[in-house]
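Peer 1: Structure incoming, see below.
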Amino acid sequence: MRVRRRGDRLIVLQPEGRLTFERLSSLVVGLVLAAVGAVWFFQGYGSLKGSFMTGSPMWMWIGIACLVVGAVLVIRALRAHLR
């Protein structure tokens with residue numbers, strides 16, 4: 001644990017490798033968003049049947065966007081954790 005002085009206050013810095021609440025929440029949200037994006041992609045593509053989204057290209061593109069955003073969140077959380 002490192003302590004840094006800023007003015008008259010002491011600031012405690014977290015160790016770099018520690019999984020903080022912000023990193024953990026980013027990881028969980030990213031994983032859920034990627035999973036939902038995968039389902040929407042396959043429904044939009046027509047591989048998953050049984051929904052109004054089946055075969056709709058709009059949901060395929062929304063799924064791709066969710067997958068990309070979810071992957072970015074997961075990678076950011078893991079890279080910050082591994083530093």
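Any read-out appearing in this document is the output of simple, stated calculations on the displayed coordinates, not a laboratory observation. Please read these numbers as outputs of a predicted model, since none were measured by experiment.
Peer 1: For Val29 and Ile64 in the same chain, what is the full-extension length gain: residue separation times 0.36 nm, less their Cα-Cα distance, in nm?
Peer 2: 11.0 nm
Peer 1: Also: Over region 19-82, what per residue volume does the convex hull of the Cα atoms give, in whole Å³?
Peer 2: Once divided by residue count, the hull of region 19-82 is 65 Å³.
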